[in-house]
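First the structure, in the form of structure tokens, and then the observations on it.
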Amino acid sequence: MLEVIAIVAVVLAIAIAVVLILAATKPDIFRVQRAATMQAPADRIFSLINDFHQWGNWSPWEHRDPTMKRTFSGPESGKGAVYAWDGNKNVGSGQMEILDAATPSKIVIKLDFIKPFEGRNTAEFTMLPRGGATEVTWAMHGATPFIGKVMHVFINMDRMIGKDFEAGLANLKKTVEQ
């Protein structure tokens with residue numbers, strides 16, 4: 001019996017060591033990015049992103065919790081506008097603040113997650129005119145602490161968040177092309 005316990009302990013120790021070694025090889029910074037071309041002028045798209053009150057029209061997270069509490073503070077839109085949310089396990093809680101808004105080409109947002117995990121990230125939206133259309137890029141990046149690297153061994157952040165970015169861009173495209 002002692003031999004079985006020893007073998008299980010050694011196998012468990014090796015498995016933990018492998019996970020920690022794999023985690024150590026993960027990058028210190030993560031980045032998730034998606035883009036879509038929309039048949040609309042950049043200023044029309046910009047106005048829907050620059051005003052947090054408009055995110056309910058296109059954000060992929062807005063309808064995952066019908067009882068989510070939302071608060072807005074600061075200016076109505078643009079630099080200094082703040083949007084905080086507190087919801088169920090599907091949306092968690094956190095806060096966004098627009099740090100920079102260069103009409104109609106770029107918006108930089110400080111994104112602070114509180115639940116289910118703390119995280120400090122930056123989201124960026126860029127709008128590049130392409131003839132009569134606009135290419136919209138949505139990116140998020142931030143530091144990856146070691147516990148995050150351990151999670152990245154098991155979870156593909158690009159795939160997990162990327163699908164939400166794709167859904168959000170599709171919603172935004174539908175909204176601006178109506």
Lys pairs in the stretch 1-150 with Cα under 20 Å (8 or more apart in sequence, or on separate chains) total 8
log10 of Debye I(q)/I(0), alpha-carbon scatterers only, for the stretch 1-58 at 0.19, 0.25 Å⁻¹
-0.84, -1.03
Most to least accessible of F46, F146 (protein chains only, probe 1.4 Å)
F146, F46
Which one of V176, V150, T67 has its Cα pushed farthest toward the positive end of the charge dipole of the chain, where Lys and Arg give +1 and Asp and Glu give -1 at the Cβ?
V176
Helix 157-176 against the longest principal axis of the chain: what's the angle in degrees, Cα atoms only, rounded to the nearest 10?
20
Ignoring ligands and nucleic acids, I155 exposes an accessible area, probe 1.4 Å, in Å² to the nearest 10, of 70
Pair D65, D28: separation of 7 Å Cα→Cβ label points (nm)
3.3
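Per residue, how many Å² of accessible area does the chain show with a 1.4 Å probe?
Values: 10210 Å² over 178 residues.
In whole numbers, the chain has 57 Å² accessible per residue.
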Calculated log₁₀ intensity ratio I(q)/I(0) where the Debye formula runs over C-alpha points of the chain, q = 0.11, 0.12, 0.14, 0.17 Å⁻¹
-0.55, -0.63, -0.80, -1.09
Rounded to the nearest 20 debye, dipole of the chain from Cβ charges on Lys, Arg, Asp, Glu:
160
Measuring from label point to label point, each 7 Å out along Cα→Cβ, what is the V108 to L128 span in nm?
1.8
May I ask for the angle, rounded to the nearest 10°, between helix 2-24 and the longest principal axis of the chain, with both axes built from Cα atoms and the value confined to 0 to 90°?
30
According to a simple spin-label model (label point 7 Å from Cα along Cα-to-Cβ), what is the distance in nm between Q39 and K89?
4.2
With the 8 Å Cα cutoff and a minimum separation of six or more residues, the stretch 22-164 has a relative contact order in percent of 31
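Over the chain, with every protein chain in place, what whole percent of the accessible area is carbon and sulfur at 1.4 Å, could you tell me? List each step's numbers first, then the result.
Numbers: 6300 of 10210 Å².
Looking at the chain in its full context, I get 62 percent from C and S.
Under the rule of -39500 (n - 2.57) per DSSP H run of 4 or more residues, summed and divided by the residues of the chain, what mean residue ellipticity at 222 nm is obtained, to the nearest 500 deg cm²/dmol?
After summing the helix terms and dividing by the residues of the chain, the value is -11500 deg cm²/dmol.
The values are calculated or read from the model by the stated rules, or taken from the named source; none is laboratory data. Values in this document were obtained by computation on a predicted structure and should not be read as measured data. A quick note on method: Cβ atoms are made from the backbone with ideal geometry, for glycine too, and the neighbour counts reach across all protein chains shown. In case anyone asks, the SASA skips ligands and DNA or RNA and just uses the protein heavy atoms, side chains included. Shrake-Rupley method; radii C 1.70, N 1.55, O 1.52, S 1.80 Å.
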